[in-house]
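Read through the structure below, which is laid out as structure tokens, and then see the notes.
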Amino acid sequence: MQRIADDDWVTEIGKQLPVSPLSVLGFVLAATIGVRIAGENVSSQALLESVFPLVTATAVVLADRFLVALDVPIRDRLTVFAYALGGFLAAFVVTALHLYIAYLEGTGAHAPLYLLLMGGTMGVGAGTIAGVFDIKQRAATREARRQSDRLEEFASVVSHDLRNPLSVARGRLDAAFRTGSADHLKEVDEALERMDELIEASLSVARNGTQVEETYEVPLIELASDAWAASATGDATYEVVDSRTLQVDPLRAKQLFENLFRNSLDHGRDDVHVRVGPCDGGFFVEDDGPGIPEDERDKILEQGYSTSTDGSGLGLAIVRAVADAHGWSITVTESDSGGARFEFTR
């Protein structure tokens, strides 16, 4: 689930901007340089002075468009803009000092304002590179922190949830030794299977975290249908009310749908009906089961949290991990029929 601090005013302001400020900055600089070249009748001196700043300004715009295409969060893109603007101001000041010294020495430059602009443009390019490097380092740090948190959750959940089936297995095994009855071994086998399921599910969350392999465009109906076919659904039914194409890692996306379906089946009636379809900015999965109480909707995606006495609390934690990996935020709400509804949006 995407979490944004209540006081994250930078992100809120960024979302309200009609255009990306870094693109505007790069475009204005490129246009100004282009106008100057045209005004000089494309002289060799103008081209020589302007070629690198013009390429730099154009590269800044392309870099920003690339960040937008990668769905880099607006806060990170504003960070790159801040670096670019800082680079512009730093280069502008240094160039201004140099021109002032030249003026005091009586060797003033031709078109000093334009030289200030070109120096600032090169500073924008350097600042953009520094900004991109910084957000990559921050992303790596966030990912490392998330992985560390998930490993801690894994250790906590495994150490807690394995105690019960382990105690059952030990008790039944002792009973088998005392009585010589093989009936107790069936309980041991079931306890061991339960432990294996818990370990595998926990490892899935801890190992995969927020990583995805190569993504592809896959129809929503195909992902949902494959996941439903792989689930033991019994008398339950499902429908895809409409379809759209999603850019996903197919294996992990299928894992998300399987766990959502399993959640509906485990907490609903035997004949629960599940609906899948597109919504504004993403897709939804809902059912006509008992729903999720409003005071629990912020907790159910946490690893280890379960409303069932024999639940591991890992299924929806896996859903959250897969959503994080694809850059989706999750909204847990109520379906029209009173059941649970999960919305995944960017």
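The values are calculated or read from the model by the stated rules, or taken from the named source; none is laboratory data. Being a predicted model, the structure only gives us computed values, none of them experimental. Neighbour counts are summed over all protein chains in view; Cβ atoms, including those assigned to glycine, are modelled from backbone coordinates with ideal geometry. These accessible areas exclude ligands, DNA and RNA; they are computed on the full protein's heavy atoms, side chains included. Shrake-Rupley method; radii C 1.70, N 1.55, O 1.52, S 1.80 Å.
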For this session: Kindly indicate whether Val205 is under 30 Å from Asp71 (Cβ atoms), among the aliphatic types (A, V, I, L, M) and modelled with pLDDT of 85 or more.
Result: no
Problem set entry | Positions within the range 224-240 being part of a helix (DSSP H, G or I) and out of contact with any Phe, Trp or Tyr (no Cβ under 6 Å at 6 or more places or on another chain), in sequence order | Ser225, Asp226, Ala229
For this session: Among the residues of the range 208-229, count how many are of a type in the set (Gly, Ala, Ser) and either modelled with pLDDT of 90 or more or in contact with an Asp or Glu (Cβ under 6 Å, 6 or more places away or on another chain) (or both).
Result: 3
For this session: State all residues of the range 62-84 that are surrounded by fewer than 19 Cβ atoms within 10 Å (Cβ to Cβ) and more than 18 Å from the chain's Cα centre (by Cα); if no residue qualifies, say none.
Result: Leu62, Arg65, Ala82
Exercise. Looking at the range 247-275, which of its residues are more than 23 Å from Ser329 (Cβ to Cβ) and touching a helix residue (DSSP H, G or I) at 6+ places or on another chain (Cβ under 7 Å)?
Worked result: Val272
For this session: Would you mind finding the one in Gly119, Gly87 that is within 30 Å of Thr11 (Cβ to Cβ), buried (at least 19 other Cβ atoms within 10 Å of the Cβ) and more than 27 Å from the chain's Cα centre (by Cα)?
Result: Gly87
Exercise. From the list Ala175, Ala191, which one is assigned to a helix (DSSP H, G or I), over 30 Å from Phe92 (Cα atoms) and at pLDDT below 85?
Worked result: Ala191
Exercise. Looking only at residues in the range 33-57 that are under 14 Å from Met122 (Cα atoms) and surrounded by fewer than 17 Cβ atoms within 10 Å (Cβ to Cβ), which one is modelled with the lowest pLDDT?
Worked result: Val51
Problem set entry | Within the range 268-287, tally of residues that are assigned to a loop (DSSP other than H, G, I, E, B), touching a residue at least 40 places away in the same chain (Cβ under 8 Å) and open to solvent by 40 Å² or more (accessible area, probe 1.4 Å) | 2
Exercise. Taking the stated definitions as given, is Gly26 surrounded by 13 or more Cβ atoms within 10 Å (Cβ to Cβ), modelled with pLDDT of 90 or more and not hydrophobic (A, V, I, L, M, F, W, C)?
Worked result: no
Problem set entry | the range 90-99 - residue that is without any contact (Cβ under 8 Å) to a residue 24 or more places away in the chain and aliphatic (A, V, I, L, M) and, of those, surrounded by the most Cβ atoms within 10 Å (Cβ to Cβ) | Leu99
Seminar exercise, completed: Scanning the range 147-172 for residues that are open to solvent by 90 Å² or more (accessible area, probe 1.4 Å) and at pLDDT below 80 gives Leu151, Glu152, His160, Arg163, Asn164
Seminar exercise, completed: Taking the range 215-257 and keeping residues within 20 Å of the chain's Cα centre (by Cα) and of a type in the set (Asp, Glu) leaves Glu217, Asp249
Exercise. Which one of these does Thr128 not meet: (1) assigned to a helix (DSSP H, G or I); (2) more than 40 Å from the chain's Cα centre (by Cα)?
Worked result: (2)
